[in-house]
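The values are calculated or read from the model by the stated rules, or taken from the named source; none is laboratory data. Fair warning: this is a prediction, and the values are worked out from it, not measured in the lab. As a convention, Cβ positions derive from the backbone with ideal geometry for all residues, glycine included, and neighbour counts pool all protein chains shown. Ligands, DNA and RNA are excluded from the accessible area calculation, which covers all protein heavy atoms including side chains. Shrake-Rupley method; radii C 1.70, N 1.55, O 1.52, S 1.80 Å.
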Amino acid sequence: MPRADVAVIGGGIVGCALAAFLAEGGARVVLHERAELAAGASGRNSGVVQHPMEQALVPLYEETVEHYRDLADDWDFPLPGLACGVLMLAEDGEDLTRELAALRATFPELRPELLGRGEPHRLEPALAPHLAGLRLDTGRAVPPAAATRAFAARARAAGAELRTGSPAGLDVAADAVVVAAGPWTPEIVDPSGAWRPIAPLWGLNLEVHLPQPPVHAVEEVGIEALVARGGDVPPIFSLVTAGAVSSLGSTFLHEEPDPVALAPLLVERGARFVPDLATTPAVSVRACARPLSRDGLPLLGRAPGSEHVFVAAGHGPWGISLGPASARLVADLVLGRSPSIPAAFSPARF
(Lines give C-alpha, C1' and ligand atoms only; values in the text may rest on other atoms or scores of the structure.)
Protein backbone atom coordinates (compact mmCIF):
# COMPACT_ATOMS: atom_id res chain seq x y z
CA MET A 1 0.00 0.00 0.00
CA PRO A 2 1.25 3.55 -0.63
CA ARG A 3 2.82 5.16 2.41
CA ALA A 4 0.73 7.74 4.22
CA ASP A 5 1.98 10.88 5.87
CA VAL A 6 -0.13 10.14 8.94
CA ALA A 7 -1.96 7.04 10.14
CA VAL A 8 -4.78 7.56 12.62
CA ILE A 9 -5.74 4.55 14.72
CA GLY A 10 -9.31 4.68 15.99
CA GLY A 11 -12.56 5.68 14.33
CA GLY A 12 -14.36 7.47 17.14
CA ILE A 13 -15.08 11.19 17.39
CA VAL A 14 -11.43 12.05 18.12
CA GLY A 15 -10.01 9.87 15.33
CA CYS A 16 -12.44 11.08 12.68
CA ALA A 17 -11.88 14.73 13.64
CA LEU A 18 -8.12 14.14 13.50
CA ALA A 19 -8.42 12.66 10.01
CA ALA A 20 -10.40 15.70 8.87
CA PHE A 21 -8.03 18.32 10.32
CA LEU A 22 -4.90 16.50 9.13
CA ALA A 23 -6.23 16.02 5.59
CA GLU A 24 -7.38 19.63 5.40
CA GLY A 25 -3.86 20.59 6.46
CA GLY A 26 -2.42 18.84 3.41
CA ALA A 27 -1.41 15.47 4.85
CA ARG A 28 -2.05 12.12 3.20
CA VAL A 29 -4.15 10.41 5.89
CA VAL A 30 -5.28 6.83 6.40
CA LEU A 31 -7.54 6.07 9.36
CA HIS A 32 -7.68 2.50 10.66
CA GLU A 33 -10.70 1.31 12.66
CA ARG A 34 -10.82 -2.34 13.70
CA ALA A 35 -14.64 -2.47 13.85
CA GLU A 36 -16.80 0.32 12.43
CA LEU A 37 -16.87 4.07 12.85
CA ALA A 38 -18.32 5.16 16.22
CA ALA A 39 -18.31 1.54 17.41
CA GLY A 40 -17.17 2.52 20.91
CA ALA A 41 -18.22 5.25 23.31
CA SER A 42 -18.58 7.80 20.48
CA GLY A 43 -21.60 5.88 19.17
CA ARG A 44 -22.91 4.46 22.44
CA ASN A 45 -22.86 7.49 24.73
CA SER A 46 -25.96 9.22 26.04
CA GLY A 47 -25.74 11.89 23.35
CA VAL A 48 -25.27 15.25 25.01
CA VAL A 49 -22.66 17.96 24.42
CA GLN A 50 -22.31 19.86 27.67
CA HIS A 51 -20.00 21.95 29.81
CA PRO A 52 -17.50 19.66 31.63
CA MET A 53 -17.48 21.71 34.85
CA GLU A 54 -13.69 21.36 35.09
CA GLN A 55 -11.66 24.54 34.56
CA ALA A 56 -8.86 22.93 32.57
CA LEU A 57 -11.36 21.46 30.11
CA VAL A 58 -13.48 24.54 29.44
CA PRO A 59 -11.38 25.85 26.49
CA LEU A 60 -11.65 22.44 24.80
CA TYR A 61 -15.42 22.45 25.27
CA GLU A 62 -15.88 25.98 23.93
CA GLU A 63 -13.76 25.27 20.85
CA THR A 64 -15.57 21.96 20.26
CA VAL A 65 -18.93 23.75 20.16
CA GLU A 66 -17.53 26.06 17.47
CA HIS A 67 -16.35 23.08 15.41
CA TYR A 68 -19.82 21.56 15.63
CA ARG A 69 -21.39 24.82 14.50
CA ASP A 70 -19.10 24.74 11.45
CA LEU A 71 -20.60 21.33 10.65
CA ALA A 72 -24.18 22.57 10.91
CA ASP A 73 -24.91 21.75 7.25
CA ASP A 74 -23.80 18.13 7.73
CA TRP A 75 -25.68 17.23 10.91
CA ASP A 76 -28.43 18.54 13.14
CA PHE A 77 -26.44 20.32 15.86
CA PRO A 78 -28.53 22.68 18.01
CA LEU A 79 -27.54 26.26 17.22
CA PRO A 80 -26.73 28.98 19.79
CA GLY A 81 -29.66 29.70 22.07
CA LEU A 82 -31.12 26.23 21.55
CA ALA A 83 -29.32 24.40 24.35
CA CYS A 84 -31.75 22.02 26.01
CA GLY A 85 -30.39 22.81 29.47
CA VAL A 86 -29.33 20.39 32.19
CA LEU A 87 -31.51 19.69 35.22
CA MET A 88 -29.70 18.27 38.24
CA LEU A 89 -32.26 16.57 40.45
CA ALA A 90 -32.41 15.55 44.10
CA GLU A 91 -34.93 14.46 46.69
CA ASP A 92 -33.00 16.48 49.28
CA GLY A 93 -32.77 20.18 48.45
CA GLU A 94 -29.72 20.67 50.69
CA ASP A 95 -27.49 18.82 48.20
CA LEU A 96 -28.60 21.24 45.48
CA THR A 97 -27.99 24.31 47.65
CA ARG A 98 -24.37 23.25 48.16
CA GLU A 99 -24.03 22.56 44.44
CA LEU A 100 -25.53 25.98 43.61
CA ALA A 101 -22.96 27.82 45.74
CA ALA A 102 -20.06 25.92 44.18
CA LEU A 103 -21.24 26.51 40.62
CA ARG A 104 -21.90 30.20 41.14
CA ALA A 105 -18.37 30.58 42.45
CA THR A 106 -16.63 28.60 39.70
CA PHE A 107 -18.82 28.62 36.58
CA PRO A 108 -21.23 31.58 36.68
CA GLU A 109 -21.58 31.33 32.87
CA LEU A 110 -23.84 28.31 33.48
CA ARG A 111 -26.35 30.63 35.17
CA PRO A 112 -27.34 28.05 37.80
CA GLU A 113 -30.93 28.41 38.97
CA LEU A 114 -32.32 26.64 42.03
CA LEU A 115 -35.74 25.03 41.61
CA GLY A 116 -37.71 24.25 44.76
CA ARG A 117 -39.55 21.03 45.48
CA GLY A 118 -42.15 20.45 42.74
CA GLU A 119 -40.77 23.11 40.35
CA PRO A 120 -38.91 20.62 38.12
CA HIS A 121 -42.22 18.76 37.65
CA ARG A 122 -43.97 21.96 36.61
CA LEU A 123 -41.15 22.63 34.13
CA GLU A 124 -40.99 19.00 32.92
CA PRO A 125 -44.25 17.10 33.64
CA ALA A 126 -42.52 13.73 33.05
CA LEU A 127 -40.53 14.21 36.27
CA ALA A 128 -41.76 12.99 39.64
CA PRO A 129 -43.58 15.77 41.55
CA HIS A 130 -41.53 15.55 44.77
CA LEU A 131 -38.16 16.48 43.25
CA ALA A 132 -36.11 19.65 43.66
CA GLY A 133 -33.69 20.75 40.98
CA LEU A 134 -30.87 22.93 39.77
CA ARG A 135 -31.01 24.15 36.17
CA LEU A 136 -27.81 24.84 34.20
CA ASP A 137 -27.62 26.72 30.92
CA THR A 138 -25.73 24.06 28.97
CA GLY A 139 -26.42 20.86 27.11
CA ARG A 140 -27.17 20.07 23.47
CA ALA A 141 -28.78 16.70 22.88
CA VAL A 142 -27.55 14.93 19.73
CA PRO A 143 -27.84 11.38 18.34
CA PRO A 144 -24.78 9.58 19.77
CA ALA A 145 -22.96 8.71 16.51
CA ALA A 146 -23.96 11.84 14.56
CA ALA A 147 -20.87 13.92 15.38
CA THR A 148 -18.48 11.11 14.44
CA ARG A 149 -20.21 10.49 11.12
CA ALA A 150 -20.21 14.20 10.29
CA PHE A 151 -16.45 14.44 10.86
CA ALA A 152 -15.91 11.22 8.92
CA ALA A 153 -17.70 12.77 5.94
CA ARG A 154 -15.57 15.90 6.29
CA ALA A 155 -12.39 13.80 6.40
CA ARG A 156 -13.33 11.90 3.24
CA ALA A 157 -14.17 15.16 1.48
CA ALA A 158 -10.67 16.40 2.31
CA GLY A 159 -9.08 13.26 0.82
CA ALA A 160 -8.57 11.05 3.88
CA GLU A 161 -9.01 7.30 3.49
CA LEU A 162 -11.07 5.68 6.26
CA ARG A 163 -10.64 1.92 6.55
CA THR A 164 -13.02 -0.06 8.75
CA GLY A 165 -12.39 -3.64 9.75
CA SER A 166 -8.71 -2.68 9.75
CA PRO A 167 -6.90 -3.42 13.03
CA ALA A 168 -3.57 -1.61 13.17
CA GLY A 169 -0.53 -1.04 15.37
CA LEU A 170 2.51 1.20 15.25
CA ASP A 171 3.92 -0.77 12.31
CA VAL A 172 1.54 0.84 9.81
CA ALA A 173 3.07 2.36 6.68
CA ALA A 174 3.14 6.02 7.70
CA ASP A 175 5.61 8.71 8.69
CA ALA A 176 3.63 9.51 11.85
CA VAL A 177 0.97 7.65 13.84
CA VAL A 178 -1.73 9.17 16.03
CA VAL A 179 -3.38 6.70 18.39
CA ALA A 180 -6.94 7.70 19.24
CA ALA A 181 -8.24 4.28 20.21
CA GLY A 182 -10.02 5.20 23.43
CA PRO A 183 -9.34 2.85 26.36
CA TRP A 184 -7.25 0.59 24.10
CA THR A 185 -4.77 3.38 23.29
CA PRO A 186 -2.07 2.37 25.84
CA GLU A 187 -1.81 -1.23 24.63
CA ILE A 188 -1.20 0.03 21.08
CA VAL A 189 1.37 2.62 22.16
CA ASP A 190 3.14 0.23 24.54
CA PRO A 191 2.33 -3.49 24.05
CA SER A 192 4.67 -4.37 26.94
CA GLY A 193 2.05 -3.23 29.43
CA ALA A 194 4.36 -0.85 31.30
CA TRP A 195 2.47 2.32 30.30
CA ARG A 196 -1.20 2.18 31.26
CA PRO A 197 -2.45 5.71 32.09
CA ILE A 198 -5.91 5.06 30.60
CA ALA A 199 -8.40 2.40 31.67
CA PRO A 200 -11.94 1.55 30.57
CA LEU A 201 -14.82 2.85 32.67
CA TRP A 202 -17.88 0.96 31.50
CA GLY A 203 -21.28 2.51 31.01
CA LEU A 204 -24.67 1.07 30.11
CA ASN A 205 -27.45 2.95 28.32
CA LEU A 206 -31.01 1.85 27.70
CA GLU A 207 -32.82 3.34 24.71
CA VAL A 208 -36.49 4.08 25.46
CA HIS A 209 -39.33 5.90 23.69
CA LEU A 210 -41.17 7.77 26.42
CA PRO A 211 -44.69 9.12 25.81
CA GLN A 212 -43.65 12.57 27.09
CA PRO A 213 -39.85 12.75 27.43
CA PRO A 214 -38.16 15.66 29.20
CA VAL A 215 -36.71 18.34 26.97
CA HIS A 216 -33.84 18.96 29.38
CA ALA A 217 -30.97 16.56 29.92
CA VAL A 218 -31.76 15.38 33.44
CA GLU A 219 -29.44 13.73 35.94
CA GLU A 220 -29.20 12.90 39.59
CA VAL A 221 -27.01 15.31 41.52
CA GLY A 222 -23.56 13.91 42.19
CA ILE A 223 -22.67 12.39 38.80
CA GLU A 224 -19.73 14.73 38.25
CA ALA A 225 -18.16 13.69 41.56
CA LEU A 226 -18.49 10.03 40.64
CA VAL A 227 -16.85 10.63 37.28
CA ALA A 228 -13.97 12.44 38.94
CA ARG A 229 -13.08 9.58 41.26
CA GLY A 230 -14.29 6.61 39.20
CA GLY A 231 -14.97 3.35 40.97
CA ASP A 232 -17.84 0.90 40.99
CA VAL A 233 -20.94 2.55 42.40
CA PRO A 234 -24.64 1.73 42.19
CA PRO A 235 -26.42 3.03 39.07
CA ILE A 236 -27.14 6.73 39.20
CA PHE A 237 -29.90 8.33 37.15
CA SER A 238 -29.43 10.27 33.93
CA LEU A 239 -31.69 10.72 30.90
CA VAL A 240 -30.93 12.47 27.61
CA THR A 241 -33.45 12.79 24.79
CA ALA A 242 -32.49 13.46 21.16
CA GLY A 243 -35.51 13.52 18.89
CA ALA A 244 -37.89 10.78 20.05
CA VAL A 245 -35.16 8.63 21.58
CA SER A 246 -34.20 8.83 25.25
CA SER A 247 -31.01 7.28 26.64
CA LEU A 248 -31.26 6.11 30.25
CA GLY A 249 -28.07 5.70 32.34
CA SER A 250 -25.65 5.90 34.07
CA THR A 251 -23.09 3.42 35.32
CA PHE A 252 -19.38 3.75 36.12
CA LEU A 253 -17.81 0.28 36.27
CA HIS A 254 -14.29 -1.07 35.96
CA GLU A 255 -15.45 -4.37 34.45
CA GLU A 256 -17.69 -4.92 31.43
CA PRO A 257 -21.24 -5.28 32.78
CA ASP A 258 -23.86 -7.91 32.09
CA PRO A 259 -26.55 -5.81 30.35
CA VAL A 260 -29.37 -8.23 31.16
CA ALA A 261 -28.57 -8.16 34.86
CA LEU A 262 -27.90 -4.42 35.12
CA ALA A 263 -30.73 -3.01 32.99
CA PRO A 264 -33.50 -3.59 35.59
CA LEU A 265 -31.46 -1.69 38.18
CA LEU A 266 -31.20 1.29 35.84
CA VAL A 267 -34.96 1.22 35.23
CA GLU A 268 -35.72 0.91 38.94
CA ARG A 269 -33.48 3.86 39.76
CA GLY A 270 -34.75 5.93 36.86
CA ALA A 271 -38.41 5.42 37.70
CA ARG A 272 -37.86 7.32 40.96
CA PHE A 273 -37.21 10.39 38.81
CA VAL A 274 -39.30 9.69 35.67
CA PRO A 275 -42.20 7.40 36.68
CA ASP A 276 -43.05 6.47 33.06
CA LEU A 277 -39.78 4.52 32.88
CA ALA A 278 -41.37 1.80 35.02
CA THR A 279 -43.87 0.96 32.27
CA THR A 280 -41.92 1.85 29.12
CA PRO A 281 -40.04 -1.10 27.57
CA ALA A 282 -36.44 -0.63 26.49
CA VAL A 283 -35.92 -0.62 22.72
CA SER A 284 -32.22 -1.49 22.99
CA VAL A 285 -29.39 -1.78 25.48
CA ARG A 286 -25.84 -0.67 24.70
CA ALA A 287 -22.64 -0.79 26.71
CA CYS A 288 -19.50 1.25 26.09
CA ALA A 289 -16.05 1.59 27.61
CA ARG A 290 -15.18 5.20 28.33
CA PRO A 291 -11.42 5.95 28.21
CA LEU A 292 -10.70 7.40 31.64
CA SER A 293 -7.22 8.67 32.48
CA ARG A 294 -5.78 8.45 35.97
CA ASP A 295 -6.34 12.16 36.66
CA GLY A 296 -9.49 12.63 34.56
CA LEU A 297 -7.75 14.82 31.95
CA PRO A 298 -7.08 13.79 28.33
CA LEU A 299 -3.68 12.80 26.97
CA LEU A 300 -2.79 14.99 23.98
CA GLY A 301 0.60 15.11 22.30
CA ARG A 302 3.67 12.99 21.68
CA ALA A 303 3.80 9.55 23.24
CA PRO A 304 6.56 9.31 25.86
CA GLY A 305 9.95 8.64 24.27
CA SER A 306 8.77 8.99 20.68
CA GLU A 307 9.08 11.65 17.99
CA HIS A 308 6.64 10.12 15.53
CA VAL A 309 3.90 8.56 17.70
CA PHE A 310 1.17 10.80 19.11
CA VAL A 311 -1.72 10.23 21.52
CA ALA A 312 -5.21 11.71 21.60
CA ALA A 313 -7.29 9.83 24.15
CA GLY A 314 -8.41 9.66 27.79
CA HIS A 315 -11.46 11.92 27.73
CA GLY A 316 -13.60 9.75 30.02
CA PRO A 317 -17.29 10.56 29.47
CA TRP A 318 -16.46 13.88 27.77
CA GLY A 319 -15.30 12.63 24.37
CA ILE A 320 -18.20 14.05 22.40
CA SER A 321 -17.94 17.37 24.29
CA LEU A 322 -14.15 17.79 23.99
CA GLY A 323 -12.98 15.52 21.16
CA PRO A 324 -12.85 17.86 18.12
CA ALA A 325 -10.87 20.56 19.92
CA SER A 326 -8.47 17.94 21.25
CA ALA A 327 -8.06 16.57 17.73
CA ARG A 328 -7.30 20.02 16.37
CA LEU A 329 -4.52 20.56 18.92
CA VAL A 330 -2.85 17.24 18.11
CA ALA A 331 -3.32 17.69 14.35
CA ASP A 332 -1.53 21.05 14.52
CA LEU A 333 1.32 19.43 16.44
CA VAL A 334 1.67 16.63 13.86
CA LEU A 335 1.57 19.15 11.00
CA GLY A 336 4.35 21.22 12.57
CA ARG A 337 2.25 24.24 13.34
CA SER A 338 3.81 24.50 16.83
CA PRO A 339 0.62 24.63 18.86
CA SER A 340 0.62 25.28 22.56
CA ILE A 341 -0.91 22.21 24.18
CA PRO A 342 -1.33 22.72 27.94
CA ALA A 343 1.18 20.73 29.98
CA ALA A 344 -1.73 19.32 31.98
CA PHE A 345 -2.64 17.22 28.92
CA SER A 346 0.85 15.95 28.13
CA PRO A 347 1.06 12.13 27.80
CA ALA A 348 4.52 12.37 29.38
CA ARG A 349 2.98 13.24 32.75
CA PHE A 350 2.50 9.50 33.26
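Observations, loosely collected:
- Largest GNM mean-square fluctuation across Ile188, Ile198, Ile320, computed for the chain with C-alpha springs under 10 Å, falls on Ile188.
- Remark: the Phe350-Glu94 segment gains 88.3 nm on full extension, using 0.36 nm per residue and subtracting the alpha carbon distance.
- Packing, as the average of other Cβ atoms within 10 Å across residues, places the peptides 301-308, 16-23 in the order 16-23, 301-308, highest first.
- Packing-based order for 255-264, 236-245, using average beta carbon neighbours within 10 Å, highest first: 236-245, 255-264
- Å² per residue, accessible surface of the stretch 40-156 at 1.4 Å: 44 Å²
- Spacing of the modelled spin labels on Asp295 and Glu256, each 7 Å from Cα toward Cβ, amounts to 3.1 nm.
- With each label modelled as a point 7 angstrom along the Cα→C-beta vector, the Ala199-Arg111 pair spans 4.1 nm.
- Percentage relative contact order, the chain, counting C-alpha pairs under 8 Å, at least six apart: 25 percent
- Solvent-accessible area per residue, Å², over the stretch 245-350 with all protein chains present [probe radius 1.4 Å]: 41 Å²
- Neighbours of Gly270 by Cβ distance under 13 Å: Lys/Arg scored +1, Asp/Glu scored -1, total -3.
- One decimal place: the segment Ala343-Glu119 gains 76.3 nm when fully extended, by the rule 0.36 nm per residue minus the C-alpha distance.
- Sorted peptide list for 175-183, 153-161, 95-103, criterion being average Cβ within 10 angstrom, highest first: 175-183, 153-161, 95-103
- Rounded to two decimals, the Cα radius of gyration of the stretch 271-314 over 2.2 N^0.38 Å is 2.11.
- Carbon plus sulfur fraction of accessible area for the stretch 1-136, probe 1.4 Å, in percent: 49 percent
- Angle in degrees between helix 58-70 and the longest Cα principal axis of the chain, rounded to the nearest 10: 80 degrees
- CD proxy at 222 nm, helix term only [per DSSP H run n ≥ 4: -39500 (n - 2.57); per residue of the chain; nearest 500]: -8500 deg cm²/dmol
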